[in-house]
Amino acid sequence: MRKMGFFLTSGILATLVPTTAQAKVTAPAGAKIFRLDGAGVTYAMGVDEKGYLQPLYWGAPLAAGDPLVSTDPVKTGDPVLVKAPGELSGFDPAGSVTLQEYPGQGEGLVNDPGIKTIFADGNRDLVLKYRSHSVRGETLIVELADIKRPLTVTLRYTIDPETGVLARSASVRNGDNRPVRVDQIASAVFTLPVGDDYRLHYLTGRHAAEWQKKDVAITPALTVLESRRGSTGHGNNPYFAIGREGVTSEEHGPVWYGALAWSGSFRISVGQDNLGRIRVMGGYNPYDFSWSLKPGETLDTPIFYAGYSNAGMGGASRTFHKFEVAHIMPGGEKARLRPVLYNSWEATAFDVTEAGQEALAEKAARIGVERFVVDDGWFGARNSDKAGLGDWTVNRTKFPNGMKPLIDKVHALGMDFGLWVEPEMVNVDSDLYRAHPDWVLNYTGRPRTEGRNQLVLNLARKDVRDHLLGVLDKLVSENDIAFLKWDYNRNWTEGGWPEMPVQDQQRVYVDYVRNLYHILSELRRRHPKLEIEGCSGGGGRVDLGILGLTDEVWPSDNTDPADRLMIQDGFTQAYPTSVMMAWVTDSPNWANTRTTSLDYRFLSSMQGGLGIGANLDKWQQEDFTTASKWVAAYKTIRQTVQRGQLYRIDPPSNDNASSATMYVSQDRRQGVMFQMLHSSMWRDNPTPNHPKGLDPSATYRVSVLGGGVLPDGVPARASGAYWMERGLRAPLKGDFVGTAFVFDVAG
Ligand code: GLA
């Protein structure tokens, strides 16, 4: 992680003086308390008298000298601040009621463990206690060790001073002289105090229906968010947010949230423990997983990022977006804004030719497009999804002189050039598969189930990894390519790695993803100007792991502009607008046959990174005029939409006839409020939408994006306070219509 600073204190109460942004650790004899403070957040843990590391606090910032004691009663004057509880009953031994920061599976633990192991002699009891801690650079490291065996777990903590977002991870090391099997290992366990009013918010869906918001009560019945697919998946995103019933709303109340930086199978469980305390545990999915840890070997987990906000779901996502842009996205805050893109997939599908693409490029350039992307169908024998994947050479029937003439044409038209690839896959009908049938995930002698007529290459194999890196490096070196759309269009079925010793075969879940990250980061290192879009049949692989190596992602193959409003609303709970691409495509939409106007489609897509995926060959002159107007208008608000603060004024939902979303630039000099009407009802006066996030004392000029007359009664200029108090509304009527108001600081 880049650019992280933090401060940290540990010690007895009197020594807790967190006043600077420097790391500060004191660890006097006796109780050890570790405390991390970032903007708006305090996190604390401490060692009890038996040596367990107990979580003590996570939430709104505490004062420097505030007591940090365990929830088990500590007597006044007791030098022990963190108390180890005794047994509660014969059914609840001490080991099962002690709240632990990272418990091993042992000593009667009845909740999800941080780590579960089996030693070579069959011992499955693992009890982790504090051994040591240190501060290295900007990271607090706490080492836990089993009470008997030479197995250690190292916990890492970093807190961002600007946002209070924590980065946590764990490593297990086998100090024994025989292998130890790790059956389960979490990146982190988070704990909140006992309560019956917590609600879990999460994001779920399926292909072309991703990012649906759900929320459920947190009870002793665990809620498990997981993927068993080998990749992140469309099902449950590795993101959570927890609020309190009746207290937490869009702009108010506490929210604890987090996201796992991992693009493979994962598991996050959320529930009340046996004493009603809230636990969130996340890491590698133990399903079908184990890791035989050799003597001296260490296994690291991915990072689990987590934050707290007292400003509701909106505050949580704004804080998280800020962190993600600054610390996860390649280039950070200095990264380039997303160019307006054209992609030919919905227009041509596999019917890609040099002449056809050149004609589209000419039309795209006319409306102000900045990047032209050729999607699937340009390579190998790729005339349908039945053949060609794996053969990343230009199809000479479609492009007789290679890609250069088209690329030169695209450049001459003032755009940069991008190509679609799906490197991790192979069609059985391909030269690559014919040469290397052993390169796919498989079990010897078992069926190889195809998905979209393709198999998954086993990236965990070094030869496969090196081959793909070589092929992609060549492709980017030999062609002037600014952008790759990196797709991944199926889940794993038979996830075997038969070349490995049996006890090491399930490493495939980790080694595959690590090698994927290796290819992406090495490609970026060799081609620093190359930008990459992450795609997996839409939003099937969006997480903070892949986002650290890609410049944007494709949230869904569903490009219907009304559905898309909800997709975008869900996506931005967890991830920033700066990476969220959104295309204007044809109407009726392929996904649901809904018919919408070109204006409405633009207004929906302009709320993210604008792209165009329509068949421009079918457009009339008036469509080009409309599109040119919107593309030009988008460029005037792009910085605000992509890098501003997002306010959900009236979130889109199936029960809501209208919705409104607002973006405010970081310096608050510009705000843009989109109002979208799903369908008109009655003749009543609709309620106004109240802008948020403007500077109350600044004067703003208001205008209608793309030109147009202000509604009656709306003054041309007024203070931020006026707009936020008074609100405003466009007189929208009909179905699927919208508008956007732009607020620019006057003068
Ligand atoms: C996936 C992607 C689409 C398109 C096709 C091409 O479905 O999500 O955008 O690239 O593959 O085959």
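Excluding residues fewer than 8 places away in the same chain, name every one of the lysines whose C-alpha is closer than 17 Å to that of Lys129.
Here the lysines satisfying the reach criterion relative to Lys129 are Lys32, Lys50, Lys83, Lys116, Lys148.
Summing -39500 (n - 2.57) over the DSSP H runs of n ≥ 4 in the chain and dividing by its residue number, what mean residue ellipticity at 222 nm do you reach, to the nearest 500 deg cm²/dmol?
Values: 12 runs with 135 residues, N = 747.
Mean residue ellipticity, 222 nm, calculated: -5500 deg cm²/dmol.
Under Stokes-Einstein, with the Kirkwood radius over Cα pairs standing in for Rh, what whole-number D in µm²/s applies to the range 607-684 at 4 °C and 1.567 mPa s?
Details: Rh = 14.6 Å.
Rounded to a whole number, D works out at 89 µm²/s.
What is the helix-to-structure angle for 354-366, meaning the angle in degrees between its Cα long axis and the longest Cα principal axis of the chain, kept from 0 to 90 and rounded to the nearest 10?
With rounding to tens, the tilt is 90 degrees.
Over what distance in Å are the Cα centres of the range 357-381 and the range 686-701 separated?
The two parts, judged by their Cα centres, are 40 Å apart.
What net charge is computed for the residues neighbouring Lys409, neighbours being all others with C-beta under 11 Å from the C-beta of Lys409, Lys and Arg scored +1, Asp and Glu -1?
On the way: positive: Lys404; negative: Glu354, Glu358, Glu362, Asp408.
Summing Lys/Arg as +1 and Asp/Glu as -1 gives -3.
Starting from the range 513-551, pick out the trypsin sites (Lys or Arg not before Pro) whose DSSP state is loop and whose Cβ has at most 16 other Cβ atoms within 10 Å. Write down the numbers at each step before the final one.
Numbers: sites: Arg514, Arg524, Arg525, Arg526, Lys529, Arg541; in loops: Lys529, Arg541.
Sparse-neighbourhood loop trypsin sites (Lys or Arg not before Pro): Lys529.
Tilt of helix 561-574 relative to the longest C-alpha principal axis of the chain, in degrees (0 to 90, nearest 10)?
30 degrees
Quick one: what are the phi-derived ³J(HN,Hα) couplings along the range 110-123, Karplus 6.51/-1.76/1.60 with θ = phi - 60°, whole Hz, x for glycine and proline?
10, 10, 4, x, x, 8, 10, 9, 9, 7, 4, 8, x, 5
In whole Hz and in residue order, list the ³J(HN,Hα) couplings for the range 297-303 that follow from phi through the Karplus curve 6.51 cos²θ - 1.76 cosθ + 1.60, θ = phi - 60°; x for Gly and Pro.
8, 10, 10, 9, 9, x, 8
Taking the Cα centre of the chain as origin, work out the dipole magnitude from +1 charges on Lys and Arg Cβ and -1 charges on Asp and Glu Cβ, in debye rounded to 20. Walk me through the numbers before you get to the answer.
On the way: 80 positive and 86 negative charges, 217 e Å.
Roughly 1040 debye, rounded to the nearest 20.
Relative contact order of the range 568-693, please, whole-number percent, based on alpha carbon pairs below 8 angstrom and at least 6 residues apart. Don't skip to the end; give the middle numbers.
On the way: 176 pairs, mean separation 24.3, N = 126.
It rounds to 19 percent for the range 568-693.
What do you get for the angle between helix 312-323 and the principal long axis of the chain? Use alpha-carbon atoms, 0 to 90 degrees, nearest ten.
Taking Cα atoms only, the helix is inclined about 80 degrees.
Remind me, relative contact order of the chain in percent, using alpha carbon pairs under 8 angstrom and six or more residues apart? List each step's numbers first, then the result.
Numbers: 1855 pairs, mean separation 68.2, N = 747.
With pairs under 8 Å counted, the relative contact order is 9 percent.
In debye, nearest 20: dipole of the range 369-500 around its Cα centre with unit charges on the Cβ of K, R (+) and D, E (-)? Display every interim value, and only then the final one.
Details: 17 positive and 21 negative charges, 45 e Å.
Roughly 220 debye, rounded to the nearest 20.
Are there chymotrypsin sites (Phe, Trp or Tyr not before Pro) in the range 85-159 that DSSP marks as loop and that have at most 15 other Cβ atoms within 10 Å, and which are they? If you can, show how the numbers build up before the last one.
Values: sites: Phe91, Phe119, Tyr130, Tyr157; in loops: Phe91, Phe119.
Sites meeting the loop and neighbour criteria: Phe91.
Please report, as a whole percent, how much of the solvent-accessible surface of the range 46-198 comes from carbon and sulfur atoms (probe radius 1.4 Å). Spell out each step's value before the answer.
Working: 3080 of 6140 Å².
Carbon and sulfur together cover 50 percent of it.
Quick check: from the Cα gyration tensor, does the chain come out rounded (a/c under 1.5), prolate or oblate? It would help to have the intermediate numbers written out before the result.
Details: a/c = 2.15, a/b = 1.26, b/c = 1.70.
Taking the square roots of the gyration eigenvalues as a ≥ b ≥ c, the chain is oblate.
Mind checking which of Gly414, Tyr130, Ala349 is farthest towards the positive end of the chain's charge dipole, using Cβ charges of +1 (Lys, Arg) and -1 (Asp, Glu) about the Cα centre?
Value: Tyr130.
Determine the share of the range 434-573's accessible area contributed by carbon and sulfur atoms, expressed in whole percent, with a 1.4 angstrom probe. Before the final figure, lay out each step's value.
On the way: 2330 of 4700 Å².
It is 50 percent, rounded to a whole number.
Write down the accessible area per residue of the chain in Å², having rolled a 1.4 Å probe over the full set of protein chains.
Details: 27350 Å² over 747 residues.
Result: 37 Å² of accessible area for each residue.
The values are calculated or read from the model by the stated rules, or taken from the named source; none is laboratory data. Everything numeric in this text was worked out from a predicted model, so none of it was measured. Because the Cβ atoms are built from the backbone with ideal geometry, glycine has one as well, and the counts that use them run over all protein chains shown. Note: areas computed on protein heavy atoms with side chains; ligands, DNA, RNA excluded. Shrake-Rupley method; radii C 1.70, N 1.55, O 1.52, S 1.80 Å.
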